[in-house]
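The values are calculated or read from the model by the stated rules, or taken from the named source; none is laboratory data. Keep in mind it's a predicted model, so treat the numbers as computed, not measured. Because the Cβ atoms are built from the backbone with ideal geometry, glycine has one as well, and the counts that use them run over all protein chains shown.
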Amino acid sequence: MSDHLQRPGHDCLLCPRLADFRAVNRKAYPDWHNGPVPSFGDIDAAILIVGLAPGLRGANRTGRPFTGDYAGDLLYRTLLEFSLADGSYGGEADDRLVLKNVRITNAVRCVPPQNKVVAAETAACRRFLAAEVGAMKNLRLVLALGTVAHGAVLSTLAEKKSARKFSHAAIHNLDGGLVLADSYHCSRYNTNTGRLTTAMFDHVFEKIISIVSC
Ligand code: SF4
């Protein structure tokens, strides 16, 4: 690796519950990634997208954020539509999709049981999110997908949460100079229930593009 970014080891034990779940999945699915999922995209990007955590059969299987499940179908389709990615999304880490000025990570890098993380796990993994943010010298905007990611980003940046409530399509100008944008998470649950439509997701990206293009 060409940089010195702090990353968790493949057997990171900081979250005992997630390490136990990982061990179970390694036994059941030995061909899967089954470890902390590394970030995807150029460290010099201006935009960082922060999700919640890997999906069991998505990123936890393929080893690339949002790759291999419904949330990735919507996210990568949108990135391609807004010229923030090149190539085609194939649902596997070797599909040769290239991100443009975007990096993607998760607030919690290991898959949690039932897609639910606990506060201690978000807190433990924050050191790696902080390392990402610190290493992204051209970073201008962070897109938080959901309330957990929103909270993790604010904690990482030592910004007051009470002054920055999560709201879909909200834009927060942070004290440190970065912009935080919010979106409902692009999960199948949110789209099935109508909480997030593709038009609503597109609207967030229209805002992001206009900010980063300035
Ligand atoms: S979620 Fe993060 S801190 Fe917790 S075990 Fe995985 S890599 Fe380590």
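For the stretch 75-111, how many residues are out of contact with any strand residue (DSSP E or B) (no Cβ under 8 Å at 6 or more places or on another chain), surrounded by 20 or more Cβ atoms within 10 Å (Cβ to Cβ) and either modelled with pLDDT under 95 or within 20 Å of N190 (Cα to Cα) (or both)?
Qualifying residue count for the region: 2.
What tally of residues in the stretch 106-137 results from selecting those that are in contact (Cβ under 8 Å) with a residue 40 or more places away in the chain, within 11 Å of the ligand (Cβ to nearest atom) and not hydrophobic (A, V, I, L, M, F, W, C)?
Number satisfying all stated conditions: 5.
Looking only at the stretch 156-173, count how many residues are surrounded by 20 or more Cβ atoms within 10 Å (Cβ to Cβ) and polar (S, T, N, Q). Even if it seems obvious, please write down each step before you answer.
Of the residues in the stretch 156-173, the ones surrounded by 20 or more Cβ atoms within 10 Å (Cβ to Cβ) are 156, 164, 172.
Within this subset, residues satisfying the condition of being polar (S, T, N, Q) are 156.
Count: 1.
When the residues of the stretch 95-105 are filtered to those that are touching a Ser or Thr at 6+ places or on another chain (Cβ under 9 Å) and of a type outside the set (V, I, T), which remaining residue is nearest to the ligand (Cβ to nearest atom)?
Quick first cut of the stretch 95-105, residues touching a Ser or Thr at 6+ places or on another chain (Cβ under 9 Å) only: 95-97, 100, 103-105.
The next check asks that each one be of a type outside the set (V, I, T); those that pass are 95-97, 100, 103.
On the way: D95: 24, R96: 26, L97: 24, K100: 27, R103: 17 Å.
Among those that are touching a Ser or Thr at 6+ places or on another chain (Cβ under 9 Å) and of a type outside the set (V, I, T), it is R103.
Looking at the structure I just gave you, is V153 in contact (Cβ under 8 Å) with a residue 24 or more places away in the chain, more than 16 Å from the ligand (Cβ to nearest atom) and over 17 Å from P54 (Cβ atoms)?
no
Regarding the stretch 179-191, can at least one residue be identified that is under 21 Å from L84 (Cβ atoms), touching a strand residue (DSSP E or B) at 6+ places or on another chain (Cβ under 7 Å), of a type in the set (S, T, N, Q) and assigned to a strand (DSSP E or B)? Give the steps one after another, and end with the answer.
In the first step, residues of the stretch 179-191 are kept if they are under 21 Å from L84 (Cβ atoms); the result is 179-187, 190-191.
Within this subset, residues satisfying the condition of being touching a strand residue (DSSP E or B) at 6+ places or on another chain (Cβ under 7 Å) are 179-183, 185-186.
Subset that is of a type in the set (S, T, N, Q): 183.
Those still in the list that are assigned to a strand (DSSP E or B) too: 183.
Scanning the stretch 179-191, I find at least one residue that is under 21 Å from L84 (Cβ atoms), touching a strand residue (DSSP E or B) at 6+ places or on another chain (Cβ under 7 Å), of a type in the set (S, T, N, Q) and assigned to a strand (DSSP E or B), so the answer is yes.
Looking at the stretch 12-34, is at least one residue of a type in the set (S, T, N, Q) and out of contact with any helix residue (DSSP H, G or I) (no Cβ under 8 Å at 6 or more places or on another chain)?
No, the stretch 12-34 contains no residue that is of a type in the set (S, T, N, Q) and out of contact with any helix residue (DSSP H, G or I) (no Cβ under 8 Å at 6 or more places or on another chain).
If you go through the stretch 174-185 one residue at a time, do you hit one that is within 16 Å of the ligand (Cβ to nearest atom) and buried (at least 16 other Cβ atoms within 10 Å of the Cβ)?
no
Among residues belonging to the stretch 5-32 that are surrounded by fewer than 20 Cβ atoms within 10 Å (Cβ to Cβ), within 13 Å of the ligand (Cβ to nearest atom) and assigned to a loop (DSSP other than H, G, I, E, B), point out the one that is modelled with the lowest pLDDT.
Q6
Would a scan of the stretch 33-50 turn up a residue that is away from the ligand (no atom under 12 Å from the Cβ), surrounded by fewer than 18 Cβ atoms within 10 Å (Cβ to Cβ) and in a helix (DSSP H, G or I)?
no
Looking only at the stretch 85-111, filter to residues that are within 15 Å of the chain's Cα centre (by Cα), part of a loop (DSSP other than H, G, I, E, B) and among the aliphatic types (A, V, I, L, M); which one of those is farthest from T122 (Cα to Cα)?
Taking the candidates together, the pick is V111.
With respect to L145, is the statement that it is more than 12 Å from the chain's Cα centre (by Cα) and away from the ligand (no atom under 16 Å from the Cβ) true?
Against the criterion (more than 12 Å from the chain's Cα centre (by Cα) and away from the ligand (no atom under 16 Å from the Cβ)), L145 does not qualify.
Against the condition of a type in the set (G, A, S), surrounded by 14 or more Cβ atoms within 10 Å (Cβ to Cβ) and free of Cβ contacts under 8 Å to residues at least 60 places away in the same chain, how does A199 come out, does it pass? Reasoning before the result, please.
Numbers: of a type in the set (G, A, S): yes; surrounded by 14 or more Cβ atoms within 10 Å (Cβ to Cβ): no; free of Cβ contacts under 8 Å to residues at least 60 places away in the same chain: yes.
Taking the combined requirement at face value, the residue does not satisfy it.
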